[in-house]
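Down below is the structure, laid out as structure tokens.
The values are calculated or read from the model by the stated rules, or taken from the named source; none is laboratory data. Every value quoted in this text rests on a predicted model; they were computed, and no experiment measured them. Here the Cβ positions follow ideal geometry from the backbone for every residue, glycine too, while neighbour counts run over all protein chains shown.
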Amino acid sequence: MGNCTSCDASTSTTVTAKLVLLDGRLREFSWPVKVSLLLQQNPDCFICSSDEMEFDQFVAEIGGDEVLQPGEVYFELPLRWRNQRLQAEDMAALAVKASVALSDTSKDSRMSRCGCCVSKKIEPVVVVFGDQKAAADDGGGKGGAGGDYKGRKFGGGKLSAISEE
């Protein structure tokens, strides 16, 4: 028990297609929007889905007649990226850009939060490609939340129960 009441969950949320722009801003679309319309605004770019991006592969461009899907995250990328393979550093930079853009919009949401429902734990970016690992060390020291994640493989560990007291 405590003095904190739960957040008002009655506010409806609309699932949107999210587009992370070159400059890091986020545009959300709650209506169907064709990629060709977005490309008219910035012809020096192309649009790709975050789900279709893979390390050391060419970035798959979404066709102009395709419609952005609600619940998906897309990136606006410069045309020169179409002819080069996606490097781990590029993928990490895009992940950080998307994370910042998404967190900025959640701060602007109209739902008031009391603080009891907001997690303050920040996880570092961990990139795994084959047997190679890279982690962004947040300088938070070892152990505890947000500690050193270097050397940990994604999906390779065993899960176990943690008892709550």
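Suppose we keep only residues that are polar (S, T, N, Q) and modelled with pLDDT of 50 or more within region 94-122. Which one would you say is nearest to the chain's Cα centre (by Cα)?
99
Out of region 33-62, which residues are exposed (fewer than 11 other Cβ atoms within 10 Å of the Cβ) and either part of a loop (DSSP other than H, G, I, E, B) or charged (D, E, K, R) (or both)?
Residues satisfying the conditions are 43, 44, 57.
Where residues in region 1-29 are in contact with an Asp or Glu (Cβ under 7 Å, 6 or more places away or on another chain) and in a loop (DSSP other than H, G, I, E, B), which of them is modelled with the lowest pLDDT?
Among residues in region 1-29 that are in contact with an Asp or Glu (Cβ under 7 Å, 6 or more places away or on another chain) and in a loop (DSSP other than H, G, I, E, B), the one modelled with the lowest pLDDT is 22.
Restricting the first residue to region 94-111 and requiring it to be under 14 Å from residue 73 (Cβ atoms), which pairs with a second residue that is at pLDDT below 85 and surrounded by 15 or more Cβ atoms within 10 Å (Cβ to Cβ) meet a Cβ separation below 6 Å and a spacing of at least six or different chains?
95/125
Check residue 91 against each of (1) of a type outside the set (Lys, Arg); (2) surrounded by 14 or more Cβ atoms within 10 Å (Cβ to Cβ); (3) at pLDDT 90 or above; (4) assigned to a helix (DSSP H, G or I) and name the one condition it does not meet.
Going through (1) of a type outside the set (Lys, Arg); (2) surrounded by 14 or more Cβ atoms within 10 Å (Cβ to Cβ); (3) at pLDDT 90 or above; (4) assigned to a helix (DSSP H, G or I) one by one, residue 91 breaks only (3).
I'd like the full set of residues that are among the small types (Gly, Ala, Ser) and in a helix (DSSP H, G or I), limited to region 63-88.
Across region 63-88, the qualifying residue is only 88.
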